[in-house]
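Working notes for the structure below.
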Amino acid sequence: MHGIRGVSTYRTIWISDTHLGTRGCKAEYLLDFLKYTRSENLYLIGDIVDGWRLKRSWYWPQTHNDVLQKLLRTAPKGAKVIYVPGNHDEAARQFAGLQFGGIDVAHDCVHEMVDGRRFLITHGDEFDVIVRYARWIALLGDWAYTLLLWINHHFNGLRRVFGFPYWSLSAYLKHKVKNAVEYISQYEAAVAATARQRGLDGVVCGHIHNAEIRQIDGILYCNDGDWVESCTALVEHLDGTLELIHWAQLYPEAIPQATRGRDRAKQLLPAG
């Protein structure tokens, strides 16, 4: 457990793949992150609200509403907020070039780091051949992924009962499956190649729920991860340093008070 926490200030924050409207969304961790961080620039790079899931069944608890309201209040407080829709919230792409409540909507954009480096900002689904050319496979995969997240949720519930921190089973399995590893590698190479073709120094994307910072043929590839598995964000410090923040690992206590109470009650139950 951590003691009293202060607010951390960054030049830029990137978050994506929050998938509000799904049971897999770790809204409590995200709310905690938004509470304890501030930035001059905030990029929301896709799949913020999961339109695919909401079309099939409505799920919108108060915590998801709280996240949305928190994000909408960010721009009026002075931060520059840019929203780059993804494939799960693709309906918002029709508003690219417009501004709503101080939030700019863009298909993609370029961010200039404090040191002058220029980075492509994109959700990244256009580099996913399955999403582009076989949408039905993507939808089937989305269903399977939802099942895996359900298992992951209950798996971590058991871990909390026994005092273990959050750990993403689904992320672990993805890295153990050869085809998934090859898919991720091909995706990363395609995104980096586009940034290189546009004469840029790097790229920040989301989509594949795999947080990473690494060099790919002279391009600094950055993926900010997600808020259904890894609970990660990418930040640019005031001196220009880039860092991935793994919030659930740093602050495992950032779960609902009611859940903590239930877990504590379970721990106090007599054995047998």
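The values are calculated or read from the model by the stated rules, or taken from the named source; none is laboratory data. Quick caveat, the model's predicted, so the values are computed rather than measured. Don't worry about glycine lacking a Cβ; one is built from the backbone with ideal geometry, like all the others, and counts go over all protein chains shown.
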Set 189, 180: member being among the hydrophobic types (A, V, I, L, M, F, W, C), surrounded by fewer than 22 Cβ atoms within 10 Å (Cβ to Cβ) and modelled with pLDDT of 90 or more: 189
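For segment 53-69, what are the residues that are buried (at least 18 other Cβ atoms within 10 Å of the Cβ) and at pLDDT below 95?
53
For residue 10, indicate whether it is closer than 28 Å to residue 203 by Cα, in a helix (DSSP H, G or I) and out of contact with any Gly (no Cβ under 6 Å at 6 or more places or on another chain).
Taking the combined requirement at face value, the residue does not satisfy it.
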First in segment 234-253 and under 16 Å from residue 7 (Cα atoms) and modelled with pLDDT of 90 or more, second anywhere and charged (D, E, K, R) and in a strand (DSSP E or B), Cβ under 6 Å, 6 or more apart: 235/243; 236/11; 238/11
When the residues of segment 14-26 are filtered to those that are crowded, with 16+ Cβ neighbours inside 10 Å and more than 11 Å from the chain's Cα centre (by Cα), which remaining residue is farthest from residue 76 (Cα to Cα)? 24
Conditions first: (1) acidic (Asp, Glu); (2) under 17 Å from the mean Cα position of the chain (by Cα); (3) surrounded by fewer than 19 Cβ atoms within 10 Å (Cβ to Cβ). Residue 32 passes all but one, so which condition is the exception? (3)
Read through the list (1) crowded, with 16+ Cβ neighbours inside 10 Å; (2) closer than 22 Å to residue 250 by Cα; (3) of a type in the set (D, E, K, R); (4) out of contact with any Phe, Trp or Tyr (no Cβ under 8 Å at 6 or more places or on another chain), then give the number of the only condition that residue 47 fails. (2)
Enumeration of residues in segment 187-238 that are within 24 Å of residue 88 (Cα to Cα), of a type in the set (Val, Ile, Thr) and either in contact with a helix residue (DSSP H, G or I) (Cβ under 6 Å, 6 or more places away or on another chain) or part of a loop (DSSP other than H, G, I, E, B) (or both): 191, 203, 208, 228
Please specify each residue of segment 30-71 satisfying the condition of being of a type outside the set (Lys, Arg) and farther than 17 Å from residue 227 by Cβ. 40, 41, 57, 58
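Can you report the number of residues in segment 71-84 which are outside any loop (DSSP other than H, G, I, E, B) and surrounded by 14 or more Cβ atoms within 10 Å (Cβ to Cβ)? Before the answer, list the steps.
Keep residues of segment 71-84 that are outside any loop (DSSP other than H, G, I, E, B), which gives 71-72, 75-77, 80-83.
Subsequent filtering for residues that are surrounded by 14 or more Cβ atoms within 10 Å (Cβ to Cβ) retains 71-72, 75, 80-83.
The qualifying residues number 7.
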Return only the number of the condition from (1) buried (at least 17 other Cβ atoms within 10 Å of the Cβ); (2) touching a Gly at 6+ places or on another chain (Cβ under 7 Å); (3) at pLDDT below 95 that residue 128 does not satisfy. (2)
